[in-house]
Amino acid sequence: LRSNEGPVSNIDGSKVEVGMTTVGFRLGMLEFSRLVDANIQDPSSGPINSVQFHRNGQLMLAAGLDKHLRFFQIDGKRNPKIQSIFIGDCPVHKASFLPDGSEVMLSGRRKFFYSFDLVNAAVSKIGPLTGREEKSLESFEISPDSRTIAFVGNEGYILLISAKTKQLIGTLKMNGSVRSLAFADGGNQLLSSGGDGHVYHWDLGTRKCIHKAFDDGSLAGISLCTSQDSSLFATGSTSGIVNVYKRDDFLGGKRKPLKTIENLTTDIGEMKFNHDAQILAISSRKERNGMRLVHVPSFSVFQNWPGPRFSLHYPRCLDFSPGSGFLSVGHAGGKVLLYKLHHYKNA
């Protein structure tokens, strides 16, 4: 890469550093390097279902169906393993740091879930939840303020759990099934979607639905994500179509998305905006190499990623590091692929 030569404006007007990275972004190309696998020191014996960076940008968790939660120190060179925890009665479908960095929540197709306290290295089993009949708590989201864990429940119910006490503090009810959740407004609002093709907005202070509207062209919503500043959200459907909306416009009655992305043709399993919402990653578990990176300001797909030399296998989960310097992709073969995104200086 050339040395940086001072600030210029990116295509969206933001200030960036000159160099091949900048030129690449402008041309709809991504400057990246494939690094040594994030979990090379201890690959999983089963599919990886969750990868996530700690807020410090260096610690990463990987978890999956082999019932292990593993932690790695990501330096891009050796990625040493820090710790491995075996959860004998729970093949992990989801693992996630609390945003404050203190705990990891783990769940699977079980009536209970787990908390791992990073400070005390203690595992706690939580549940089954009193008064609830859910046989699976495999899908959840944690609010950005680390206060609330929202689980996908049965028959349109969303279960709200206090992250502090791990007790059920309330429920929300939508029509049809719930398939996906995403927090907005710092944790004050929750978006949900599911079998009825609508996107719901909930006020968590009043626990009321404040807005409900049809997701354009969607038969069933199966994934949701919001940008860090909550200005954008994306919906993914069973047909592989991804809609990107400006949230204020959607809440104001504008139904048409900013963009409909049709580069994948099977279930959209996971989506994520990077920290500055320049990139939206979309993926499908059912498609080999079924992952795309979208340049959000232009809504063009980066054509050179992952490139002909690199296979993503069947991608199941992904995460950007806090400053987007790294991108990790966990796949069905038990590996966590690691990429350096040269446009971003900080991990």
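Quick notes on this one:
- Whole-Hz Karplus values for segment 292-303 come out as 10, 10, 10, 7, 5, x, 9, 6, 10, 7, 5, 6 Hz, taken residue by residue from phi with 6.51 cos²θ - 1.76 cosθ + 1.60 and θ = phi - 60°; glycine and proline positions read x.
- Whole-number D in µm²/s for segment 284-347 (Stokes-Einstein; Kirkwood sum over Cα pairs; 20 °C, 1.002 mPa s): 172
- Here's how it looks for residue 156: its modeled amide H is under 5 Å from those of 178, which are all 5 or more places away or on a different chain.
- Taking all protein chains together and rolling a 1.4 Å probe, residue 229 ends up with roughly 110 Å² accessible.
- Along segment 251-260 the Karplus relation, 6.51 cos²θ - 1.76 cosθ + 1.60 evaluated at θ = phi - 60°, assigns HN-Hα couplings of 5, x, x, 7, 8, 7, x, 4, 7, 10 Hz to successive residues, with x for each Gly and Pro.
- Label-point separation, residue 169 to residue 208 (7 Å along Cα→Cβ), nm: 2.0
- Efficiency of FRET between residue 246 and residue 304 - r from beta-carbon atoms, R0 30 angstrom, step 0.05: 0.60
- Heavy-atom accessible surface of the chain, averaged per residue, reaches 42 Å², computed with a 1.4 Å probe.
- Annotation: amide H of residue 169 within the under-5 Å range of 160, 161, 162, sequence separation 5 or more or interchain, hydrogens built in the peptide plane.
- Residue pairs, from the table 81/166; 94/164; 125/212; 77/286, whose Cα atoms sit over 24 Å apart: 81/166; 125/212; 77/286
- Probe 1.4 Å, all protein chains present, accessible-area order of 206, 148, 260, largest first: 206, 260, 148
- Heavy atoms of residue 313: accessible area, 1.4 Å probe, square angstrom to 10: 60
- For segment 315-346, the residues whose amide N sits under 17 Å from a probe point set 7 Å from the Cα of residue 33 along the beta carbon direction are 321, 324-328, 337-346.
- A DSSP coil position with no more than 14 other Cβ atoms inside 10 Å describes the following trypsin sites (Lys or Arg not before Pro) in segment 75-160: 77, 78, 109, 111, 135.
- Counting only protein heavy atoms and using a 1.4 Å probe, the accessible area of residue 209 comes to about 60 Å².
- Length gained when the stretch residue 81-residue 266 is fully extended (0.36 nm per residue, less Cα-Cα span): 63.2 nm
- Volume per residue of the convex hull around the Cα atoms, evaluated for the chain, comes out as 126 Å³.
The values are calculated or read from the model by the stated rules, or taken from the named source; none is laboratory data. These numbers were taken from a predicted model, which means no experiment stands behind them. Every residue, glycine among them, receives a Cβ derived from its backbone with ideal geometry; neighbour counts consider all protein chains shown. Note: accessible area is taken over every heavy atom of the protein model, side chains too, but ligands, DNA and RNA are not part of it. Shrake-Rupley method; radii C 1.70, N 1.55, O 1.52, S 1.80 Å.
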